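Notes follow once the structure below has been shown.
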Amino acid sequence: MKILAIETSGEHGSVALLTGESILGQALEGHARHSAHLLPAIRQLLDEAGMSLTQLDALAFGAGPGAFTGLRLACGVVQGLALGTGLPVVPVCSLQALALKAPPGPTLVAMDARMGEIYAAAYVNDDCEPVESMAPCCIPPEDLRVPQGEGWNGIGSGFAAYPTRMPSAILAALKTLDEQRTPTASDIARIASLKAARGETLSAALAAPIYVRDKVALTTAERLA
C-alpha cells in the first residue's frame, strides 16, 4: 500500500509517505505558514522516494477535529490532488491518530480546542488501529468523562492547557499522561492504509473535515468577560 498523508489539524503540521512498511515523514514549519510549506513538502517527499502521485494507492488527511483553517487546508489539498489523479481519499480522525502514540490499552485523548474547551475522545489502543469507545466531542474540561474502568492512558495538549479544570476522578484514573504529543501524518498514514485495504475510501467530492464544533471564535463580549 502506498499512501500520501497530510496532518494540519493543529500547531504542528506534517506530511508523510507510506510505502509498504516504510514511512517517510516531514514536519511543516510554524502553524501560520502550513499553506506555504505544504505543497513543497509533498513534492520533496515524492522526489525522495522516486515516486509520482499516480503511483499512489490513496491520499489521506487528518480530518480533525482541530483548527478550522488547518482542516480546510488539508482537505482542500487532498481533494485537489485526488481530482487531478483519480485517487481515492481516506479521512482519518486526528484524535484516533493521536491515540496511536499512547501505550497500548484504554486511552483518553484531550486536545486543546481553544476558547476554554477541549476536543475529547476515548479509544482502546491496540498499537495498530485504535478502536473508538467514546466519539469525538467538544466540551469544557470539567465535563470530561470516560467509560468505566481504570488504567487509562491520557494524551494530548488539553491536559496541559487546563490542568486545574480537569475532573480529579479523570486524573486519578490515568496510569500514564503525555501532554506534549500531537497528531502526525505518519500515524494518519498507518491508519489510512488499514482503512484503504478494507475499501473504506471516498471520492474527492465526499471528503470533509470533522468539525464537532460550529463556533469559530469568541465574540467581543465573551473575550472581555
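The values are calculated or read from the model by the stated rules, or taken from the named source; none is laboratory data. Being a predicted model, the structure only gives us computed values, none of them experimental. Heavy atoms of the whole protein, side chains included, go into the accessibility calculation; ligands, DNA and RNA do not. Shrake-Rupley method; radii C 1.70, N 1.55, O 1.52, S 1.80 Å.
Tabulated results
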item	result
Alpha-carbon Rg with Dmax, taken over the range 4-133, Å	14.9, 45
Quarter of Cα convex hull surface for the range 67-132, i.e. mean projection, nm²	5.3 nm²
Over the range 16-73 - Rg/Rh using Cα atoms and the Kirkwood inverse-distance radius	0.98
Within the accessible area of the chain (1.4 Å probe), percent carbon and sulfur	53 percent
Cα-based reach from LYS2 at 13 Å (exclusive), listing aspartates and glutamates while leaving out same-chain residues under 8 positions away	GLU21, ASP57
Convex hull volume of the range 96-225 per residue (C-alpha atoms, cubic angstrom)	121 Å³
Accessible surface, per residue, of the chain when the full set of protein chains is kept, probe 1.4 Å, Å²	46 Å²
Calculated SAXS-style log₁₀ I(q)/I(0) at q = 0.08 Å⁻¹ - the chain, Debye, Cα scatterers	-0.28
At 1.567 mPa s and 4 °C, Stokes diffusion of the range 92-173 via Kirkwood alpha-carbon radius, µm² per second	105 µm²/s
